[in-house]
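Here is the structure we will look at.
The values are calculated or read from the model by the stated rules, or taken from the named source; none is laboratory data. None of these values were measured; they are calculated from a predicted model. Glycine gets a Cβ as well: all are built from the backbone with ideal geometry, and neighbour counts include every protein chain shown.
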Amino acid sequence: MAVHGLFVLVLFKKGGGEFLSGNTWPCFLVFVQLLLNVIKQAYSLMTVPMKYALAGLFLSHGVSFVDNFLLKREFALASPDKLMGSPYPRLVVMHFAIIVGAFFTFAVGSPVALLVILVVLKTALDTKLHLREHGKIQAAKNNLLPWKELNQSG
């Protein structure tokens, strides 16, 4: 996350370039330090409506986690392999949106129309992937889909 955030801030020239100035934290904790500095920089650049959107996103994902994973006991069907691989379809969409969006924004000179299109497409695809994922889990819970097939079909 820290590297993605740093990439976006630097790409759009919004970063001060000093994400690890001063004393760095030891070992792998330097990545935690980088993440916290990127979050601080990104949050300081957000407008009030963007902060509301971020809060809404945090809330919706939190509700989904509590409702699906905890209350509907999806954790009982989760395996470490499945949990590690589950974010990657959405990450591919995110990378596509960032890279293509950046090229079109620089080419056209205005990000507004493209941003709206990318947000709509990403939201639609995320919703489809989310519903498909939870549909498979619910089918497995109802013994309609074998656990082996659930793990292999992504």
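Structure data summary
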read-out	value
So Lys128, is it free of Cβ contacts under 8 Å to residues at least 24 places away in the same chain and either in the same structural domain as Met1 (by TED's automatic domain parsing) or in contact with a Ser or Thr (Cβ under 9 Å, 6 or more places away or on another chain) (or both)	no
Residues of region 36-75 classified as among the aliphatic types (A, V, I, L, M), more than 30 Å from Lys14 (Cβ to Cβ) and touching a residue at least 24 places away in the same chain (Cβ under 8 Å), total	0
Hey, Lys14 over 26 Å from Glu133 (Cα atoms), of a type in the set (Lys, Arg) and surrounded by 10 or more Cβ atoms within 10 Å (Cβ to Cβ) or not	yes
Condition met for Val119 (at pLDDT 80 or above and assigned by TED's automatic domain parsing to the domain that holds Gln138)	no
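Matching residues to (1) of a type in the set (Phe, Trp, Tyr); (2) out of contact with any helix residue (DSSP H, G or I) (no Cβ under 9 Å at 6 or more places or on another chain):
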{"site": "Ala76", "(1), (2)": "no, no"}
{"site": "Phe104", "(1), (2)": "yes, no"}
{"site": "Leu125", "(1), (2)": "no, no"}
{"site": "Arg132", "(1), (2)": "no, yes"}
